[in-house]
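Student: Pasting a structure below so you can have a look.
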There are 2 protein chains.
Amino acid sequence: MKGRVTADDVAKKAGVSQSTVSRVLNNYPFIKEGTREKVLEAINELGFTRDEIARSLVEKKTRTIGLIIGNISNPFFAESAGVIISKAQKEKYDVIIYNTNHDDYQLEKAISTLIGKRVDGILAAAVNRNNARVKQLYENGFPIVLYNSRLDDSEVNSISLDNKKGAMLAVEHLAELGHKKIAYIAGPSKYLTVYERYVAYREALQKYGLSYDSELVFKEELTHDKVVTFTKRILSRPDRPSAIFAMSDEMALAVMDGVAGLGLKIPEDVSIIGFDNINIAANSYIGLTTISQQKEKMALLALDNLIQLIESDQKDVQPVHVIIEPELLIRRTTGVCNGS
Amino acid sequence: MKGRVTADDVAKKAGVSQSTVSRVLNNYPFIKEGTREKVLEAINELGFTRDEIARSLVEKKTRTIGLIIGNISNPFFAESAGVIISKAQKEKYDVIIYNTNHDDYQLEKAISTLIGKRVDGILAAAVNRNNARVKQLYENGFPIVLYNSRLDDSEVNSISLDNKKGAMLAVEHLAELGHKKIAYIAGPSKYLTVYERYVAYREALQKYGLSYDSELVFKEELTHDKVVTFTKRILSRPDRPSAIFAMSDEMALAVMDGVAGLGLKIPEDVSIIGFDNINIAANSYIGLTTISQQKEKMALLALDNLIQLIESDQKDVQPVHVIIEPELLIRRTTGVCNGS
DNA sequence: CTGAAAGCGCTTACAG
DNA sequence: CTGAAAGCGCTTACAG
């Protein structure tokens, strides 16, 4: 198809060597002005575009990075990815994006493909706490930084929230509003960040002398429909909880879906608090009380650090471990407890 | 960094030639079983991963496609991109994603970079109606398909909605509920799809004998904040509109933000209808009445057609022009007109 | 069934 | 200031 025009074609047309064409392409300074002009002209006439694949092969860098997220339809991932994509563009990096759908096998496959494509580095926002592949990549000196994820006991670079504090803040807010029965949408604990929130939830309950009821905790796979069903089920109990804390705003929205489906009022009948502070949480119509992860800052820090790793000499680089401060944003979905 | 292991290293370790290593990598059938095993073993011990960049150079295909969208934080783009990314993975294509932020210059830059990186094809969801570059790419036989976009008078492959019908459906629904003053969040008409909706809005008004009031039409750049401000402004007029139609669900949400900010009720005080049917529109707490674009179907068709273009011989391929049928989904944000 | 060699389209010492 | 040549890591005829 199309027989692409190469630097050699340009060279012939301009009556110079291919090396010279390459030099003007790379803005090599010592070229006679006349020569440069001839080359530029030929490039234009021929509609030449330099083959970056060939260039990557010799330069041993592709100026593309891999971005691995859980699921792009979760606004937390979409919005943080947006920040990364835009900033990467400015820094002249392309991004290949992968959804894991929270499946370990898909994560492995994504990593393998990205390594095969020789990306300069990887940003990953959804890696299970014990992922050996990521650990190994890091130990081999491959540029990788995690955000919204962390490994169990490894030095792998990461930008993450103080999740424990975040979950504490959420439960405390509810407890101080007088809520005694606080349900929790926890999710599976293969992610360290998610697990930490769960632990903090339990600790916070204890701190406020509230009892832990495993029936009020959803630990299964986090799909919208399952959470809606769970919400409806626990709210149909005679001793229903008066507040529900969700480990993500996406899931808090699913809880709201369930609550509205039951005809219950928020926050009069049930208070809801999320986690992430996705854009829509601030919409006045929703007004979701939540814990901010400062996703833009998180994403930007992750990218900045990755680029630094890529462009530095690797040797003298210290592991990066940034902990971001959570912030409680009180909006309309939480209120004082009206029930028992 | 890391001195990657090459097929040549594998060859030496296995005591065969590099050609043989290449053959086992490519599942060439006529290899002695013993040889294959030796090679596989060497590959494992060395932790070899084939350099896809080098392979792309000789094969003249990269198995990556470019995906150009307006803005990933708009759920319509994020969700359709999600469908594309997942399906592409299954088909063994990677996707490089670009946000244009609805800026023509960024679109051009994205295309140039993608061409430079020798992607096998491009999917674009946000291209201005008169884009010469896209047209030229298509005419040169480069695999490109648009979705949610179309060019003015060009054959470029596209999957798009019957936008006119969609907007008609929306206004008719409102008119039949008795609304006389229907505002419209139109956006800039550089996109043909957006323009078509605007034209249909006017035609529908006419059909129902409703007058067109340019002050009730928002034609500026579509940002959340600007639409909130506009909404508040028109709803503060003594003769305020009783219904607002937005050209996207994202903007309908902005309208709801403005309405809620004013303390007005939906749909009692003002009915709202969107366009796209993003996932959250179906959430019972929101219940946004909208026009479905069948985004999953649209995205999948776009990808399928692109892959077909890439993998076929190009010559015998007819231009693809799929028009998707819009569907009115009535939910909670629209109701009969209570006002004058 | 397997090896030696050419070639994909660039960059970059090395000469001049 | 510029050209000839080697090399990046593969694939694929061509021989044998």
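Student: Hey, what did the stretch B:163-293 get for relative contact order, percent, Cα under 8 Å, at least 6 apart?
Tutor: Over the stretch B:163-293, the number comes to 25 percent.
Student: May I ask which of A:135/B:117; B:92/B:165; B:109/B:219; B:190/B:265; A:164/B:226 have a Cα-Cα span longer than 28 Å here?
Tutor: Cα-Cα > 28 Å for A:135/B:117; B:92/B:165; B:190/B:265; A:164/B:226; rest within.
Student: Could I ask something else about it? Heads up, I need the accessible area for residue B:4: 1.4 angstrom probe, whole protein in place, Å², nearest 10.
Tutor: Accessible surface of residue B:4 is approximately 80 Å².
Student: Which aspartates and glutamates does residue B:180 reach when only Cα atoms under 20 Å apart count, and residues fewer than 8 places away in its own chain are ignored?
Tutor: Once the sequence-local aspartates and glutamates are set aside, what remains near residue B:180 is B:172, B:203, B:213, B:215, B:239, B:268, B:269.
Student: As a test of the definition: with a 1.4 Å probe, what buried accessible area, both sides summed, do you compute for B against A, in Å² to the nearest 100?
Tutor: Chains B and A together bury approximately 4800 Å².
Student: Separate question: Please turn the phi angles of the stretch B:164-175 into ³J(HN,Hα) values with the Karplus equation 6.51 cos²θ - 1.76 cosθ + 1.60 (θ = phi - 60°), one per residue in order, whole Hz, x for glycine and proline.
Tutor: Ordered by residue, 3J(HN,Hα) equals 4, 4, x, 5, 4, 3, 5, 5, 4, 4, 5, 4 Hz.
Student: When the helix-only estimate is applied to chain B (DSSP H runs of n ≥ 4, each -39,500 (n - 2.57), divided by the residue count), what is the mean residue ellipticity at 222 nm, nearest 500 deg cm²/dmol?
Tutor: Taken over chain B, the calculation gives -13500 deg cm²/dmol.
Student: Still on this model: Considering amide H positions built from the backbone, and no H for Pro or chain starts, which residues 5 or more places from residue B:147, or on another chain, come under 5 Å of its amide H?
Tutor: B:124, B:125, B:159
Student: Pairs of Cα atoms under 8 Å, at least six residues apart: use those to get the relative contact order of the stretch B:7-59, whole percent.
Tutor: 38
Student: Quick check on packing: order B:326-334, A:25-33 by the mean number of other C-beta atoms within 10 Å, highest mean leading.
Tutor: Packing proxy ranking, top to bottom: B:326-334, A:25-33.
Student: Would you mind working out the accessible area per residue for the stretch B:260-340, using a 1.4 Å probe, and quoting it in Å²?
Tutor: So the stretch B:260-340 comes to 45 Å² accessible per residue, rounded to a whole number.
Student: Right, next: With a sphere of radius 11 Å drawn around the Cβ of residue B:55, what net charge do the other residues whose Cβ falls strictly inside it have (Lys, Arg +1; Asp, Glu -1)?
Tutor: +3
Student: Name the residue farthest towards the positive end of the dipole of the protein assembly as shown from the options A:137, B:201, B:130, assuming +1 on Cβ of Lys and Arg, -1 on Cβ of Asp and Glu, about the Cα centre.
Tutor: A:137
Student: From the square roots a ≥ b ≥ c of the eigenvalues of the alpha-carbon gyration tensor of the stretch A:79-150, which class results: rounded (a/c under 1.5), prolate (a/b over b/c), or oblate?
Tutor: It comes out prolate by the Cα gyration axes.
Student: I've got another one for you. Can you return the lysines within cross-link range of residue A:38? Criterion is Cα-Cα under 19 Å, with same-chain partners fewer than 8 residues away left out.
Tutor: Filter leaves A:12, A:13.
Student: Taking Cα atoms of the stretch A:163-293, Rg/Rh with Kirkwood Rh, to two decimals?
Tutor: Answer for the stretch A:163-293: 0.92.
Student: Now for a different question. Kindly give Rg over Rh for the stretch B:105-207, based on alpha-carbon atoms, with the Kirkwood expression for the hydrodynamic radius.
Tutor: Radius of gyration over Kirkwood radius for the stretch B:105-207 works out to 1.11.
Student: Sort A:61-68, B:67-74 for me by packing, meaning the mean count of neighbouring Cβ atoms within 10 Å per residue, highest on top.
Tutor: B:67-74, A:61-68
Student: Put a label point 7 Å from Cα along the Cβ direction on residue B:269, then list its distances to the equivalent points in the other copies in nm, shortest first.
Tutor: Residue B:269 label point versus its equivalents elsewhere: 2.4 nm.
Student: Still on this structure, please answer the following. Could you tell me what percent of the accessible area of the protein assembly as shown is made up of carbon and sulfur, with a 1.4 Å probe and every protein chain present?
Tutor: That share works out to 48 percent.
Student: Here's another thing I want to ask about it. Looking at the stretch A:81-123, which trypsin sites (Lys or Arg not before Pro) are in a loop (DSSP not H, G, I, E or B) and have at most 11 other Cβ atoms within 10 Å?
Tutor: Those that pass, being in a loop and sparsely packed, are A:92.
Student: Further question: Can you list the distances in nanometres, one decimal and ascending, from the residue A:219 label point to the identical position in each other copy, with the point 7 Å along Cα to Cβ?
Tutor: 6.0
Student: Expressed as a whole number of Å, what is the distance separating the alpha-carbon centroids of the stretch A:132-195 and the stretch B:270-340?
Tutor: 36
Student: Can you tell me the relative contact order of chain B? Whole percent, Cα pairs under 8 Å, sequence separation 6 or more.
Tutor: So the answer I get is 16 percent.
Student: By accessible area of protein heavy atoms, probe 1.4 Å, what ranking do A:250, B:325, B:79 get, highest first?
Tutor: My answer, sorted largest first, is B:325, A:250, B:79.
Student: Rolling a 1.4 Å sphere over the protein heavy atoms, what is the accessible area per residue of the stretch B:23-148, to the nearest Å²?
Tutor: Normalised by residue count, the accessible surface of the stretch B:23-148 is 41 Å².
Student: Further question on the same structure: Of B:159, B:310, which has the most accessible area and how do the rest follow, probe 1.4 Å?
Tutor: B:310, B:159
Student: Once the Cα atoms of helix B:33-46 and of chain B are each reduced to a long axis, what angle between those two axes, in degrees from 0 to 90 to the nearest 10, is obtained?
Tutor: 60
Student: Here's something else I'd like to know. Using Stokes-Einstein with the Kirkwood hydrodynamic radius over Cα pairs, what translational diffusion coefficient do you get for the protein assembly as shown at 20 °C and a viscosity of 1.002 mPa s, in µm²/s rounded to a whole number?
Tutor: Estimated via Stokes-Einstein, D reaches 78 µm²/s.
Student: Once phi is turned into ³J(HN,Hα) by the Karplus curve 6.51 cos²θ - 1.76 cosθ + 1.60 with θ = phi - 60°, what whole-Hz value does each residue of the stretch A:290-302 show in order, with x for glycine and proline?
Tutor: 7, 9, 7, 9, 6, 4, 5, 4, 4, 5, 5, 4, 4
Student: Where a ≥ b ≥ c are the square roots of the eigenvalues of the C-alpha gyration tensor, would you call the stretch A:7-59 rounded, which needs a/c under 1.5, or, failing that, prolate if a/b is larger than b/c, or oblate?
Tutor: oblate
Student: If you don't mind, there's one more thing I want to ask. Pull up all non-local amide H partners of residue A:64: gap of 5 or more, or a different chain, and H-to-H distance under 5 Å with H placed in the peptide plane.
Tutor: A:94, A:120
Student: May I ask you to list the GluC sites (Glu not before Pro) in the stretch A:150-229 that are in a DSSP loop and have at most 14 other Cβ atoms within 10 Å of their Cβ?
Tutor: Listed in order of number, the matching sites are A:155, A:220, A:221.
Student: I want to verify the translational diffusion coefficient of chain A in µm²/s; compute it with Stokes-Einstein, Rh as the Kirkwood radius over Cα pairs, at 4 °C and 1.567 mPa s.
Tutor: Using the Kirkwood radius from Cα pairs, D works out to 58 µm²/s.
Student: I would also like to ask the following. What residues qualify as long-range amide H neighbours of residue A:294, i.e. H under 5 Å apart, gap of 5 or more or another chain, H built at 1.01 Å from N?
Tutor: Sorted by chain and number, the residues that satisfy this come to none at all.
The values are calculated or read from the model by the stated rules, or taken from the named source; none is laboratory data. Keep in mind the model is a prediction, meaning the values are calculated, not measured. Glycine also receives a Cβ, built like all others from the backbone with ideal geometry; neighbour counts cover every protein chain displayed. Keep in mind that these areas ignore ligands, DNA and RNA; they rest on the heavy atoms of the full protein, side chains included. Shrake-Rupley method; radii C 1.70, N 1.55, O 1.52, S 1.80 Å.
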